[in-house]
1. What residue, among those in the range 144-186 that are aromatic (Phe, Trp, Tyr) and touching a Ser or Thr at 6+ places or on another chain (Cβ under 8 Å), is modelled with the lowest pLDDT?
2. If I filter the range 279-297 for residues that are open to solvent by 20 Å² or more (accessible area, probe 1.4 Å), in a helix (DSSP H, G or I), of a type in the set (S, T, N, Q) and over 19 Å from Leu234 (Cβ atoms), do I get at least one hit?
3. Somewhere in the range 287-302, is a residue β-branched (Val, Ile, Thr), touching a residue at least 40 places away in the same chain (Cβ under 8 Å) and either within 22 Å of Val87 (Cβ to Cβ) or touching a Cys at 6+ places or on another chain (Cβ under 6 Å) (or both)?
4. When you scan the range 84-105, how many residues do you find that are over 12 Å from Gly157 (Cβ atoms) and either at pLDDT below 95 or assigned to a helix (DSSP H, G or I) (or both)?
5. Look through Leu191, Leu165, Leu177 and report the one residue that is in a loop (DSSP other than H, G, I, E, B) and either under 19 Å from the mean Cα position of the chain (by Cα) or closer than 19 Å to Val278 by Cβ (or both).
6. Would you point out the residue of the range 65-82, among those that are in contact with a Phe, Trp or Tyr (Cβ under 6 Å, 6 or more places away or on another chain) and either surrounded by fewer than 24 Cβ atoms within 10 Å (Cβ to Cβ) or of a type in the set (Phe, Trp, Tyr) (or both), that is nearest to Tyr149 (Cα to Cα)?
7. May I ask you to verify whether Val195 is modelled with pLDDT of 95 or more and open to solvent by less than 20 Å² (accessible area, probe 1.4 Å)?
8. Scan Ala47, Ala69 and give me the residue that is in contact (Cβ under 8 Å) with a residue 60 or more places away in the chain and not in a strand (DSSP E or B).
Amino acid sequence: MTYKDAGVDIDAGNALVEAIKPLARSTARSGADAGLGGFGGFFDPKAAGFRDPLLVAANDGVGTKLKVAIAAGRHDTVGIDLVAMCVNDLVVQGAEPLFFLDYYASGQLEVPVGTAIIEGIAEGCRQAGCALIGGETAEMPGLYAAGDYDLAGFAVGAVERDQVLTGDGVTAGDVVLGLASSGLHSNGFSLVRRVVETAGADYAAPAPFAPEKSLGEALLVPTRIYVKSCLAALRGPGAKHGGIKALAHITGGGFPENLPRVMPKTLAVVLDGITWPVPAVFRWLAATGGIAPKEMMRTFNCGVGMVVVVNPDHAGSVRAAFEAAGERVFEIGRIQARAEGAPSVAIEGLDASWPR
């Protein structure tokens, strides 16, 4: 008997490594040559220009959005999601992503599928400005069903010690800005899939909310990567005066779970739910699935993928910096003192007509 007889094809794994080497090289940056083949990847913070850096690490996956990708037969965007979910968590602490590693596990390695996935990872790394310096491919027959796979990502960034963004300086009266999302990003897909199943929808059919695309394509729009725009705003006008006080990546748990992580417990954020446009995909999910507004807000980003807490004196310059970097920006709320027993996040305007 051979290892291949047992379901593991070493030659396929080697072929995948050879196929993705140019993809890794395309992500090279100062501090890393992004070559593959060693047991570990090196990164030189000094070569990247840091004086006294703190390292910041994050890991994440894509979740059950992968089930939609598999059902739709589209594997070229979930790699972007994988990178985004990690690097967006780094930049909220003021960190610049430096390098990325991935873990790709399947029941049977299919080189074209694996190559498409890594192409997406490389694209995500280019968007974030970090190097893909390594990863692991695992072929595990019996653990994963035929055609199934899973992804995990690991990102490391750095921030100068005196520039760490903690949120400790957030005070009552600060302005809350929202940066537009690209869609669902990579959260809530167990509920999304339940709505699709209940509605009897077909991933290959035109999307009810975007008929120019298939439903699968519309749901698989990759997570927006906010790294370059956030770093530009953090390093731009107003930054030296404490213009940006906190950033919050709106992922699992939506607004109620993520905003309290970046402000003192004595404060509350009050959002106005009608101050930003809710994309059509969320309106379709709410109407088709009968999902209540509060449940939408604690499951999905509802059109805002990153929240920025700003000194009101510099709200204009910070907003302009984000817009110059290509973001759509909305003023969505304020920070105020938190009354005893009051929630840390209050969202107004969630009446029967929301979302609209």
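1. At the first step, the residues of the range 144-186 found to be aromatic (Phe, Trp, Tyr) are 144, 149, 154.
Applying the additional criterion that residues be touching a Ser or Thr at 6+ places or on another chain (Cβ under 8 Å) yields 144, 149.
Numbers: Tyr144: 93, Tyr149: 97.
Looking at the filtered set, the residue picked out is Tyr144.
2. Yes, the range 279-297 contains at least one residue that is open to solvent by 20 Å² or more (accessible area, probe 1.4 Å), in a helix (DSSP H, G or I), of a type in the set (S, T, N, Q) and over 19 Å from Leu234 (Cβ atoms).
3. no
4. Keep residues of the range 84-105 that are over 12 Å from Gly157 (Cβ atoms), which gives 84-85, 101-105.
When the remaining residues are screened for being either at pLDDT below 95 or assigned to a helix (DSSP H, G or I) (or both), the result is 84-85.
Of the residues in that region, 2 qualify.
5. Numbers: Leu191 fails: in a loop (DSSP other than H, G, I, E, B); Leu177 fails: in a loop (DSSP other than H, G, I, E, B).
Criteria check complete, one pass: Leu165.
6. Only one residue tops the list, namely Ala71.
7. On the way: modelled with pLDDT of 95 or more: yes; open to solvent by less than 20 Å² (accessible area, probe 1.4 Å): yes.
The answer is yes for Val195.
8. The match here is Ala69.
The values are calculated or read from the model by the stated rules, or taken from the named source; none is laboratory data. Predicted, not measured: the structure shown is a model, and the values here were computed from it. Because the Cβ atoms are built from the backbone with ideal geometry, glycine has one as well, and the counts that use them run over all protein chains shown. Just so you know, the surface numbers come from the protein's heavy atoms only, side chains and all, with ligands and any DNA or RNA stripped out. Shrake-Rupley method; radii C 1.70, N 1.55, O 1.52, S 1.80 Å.
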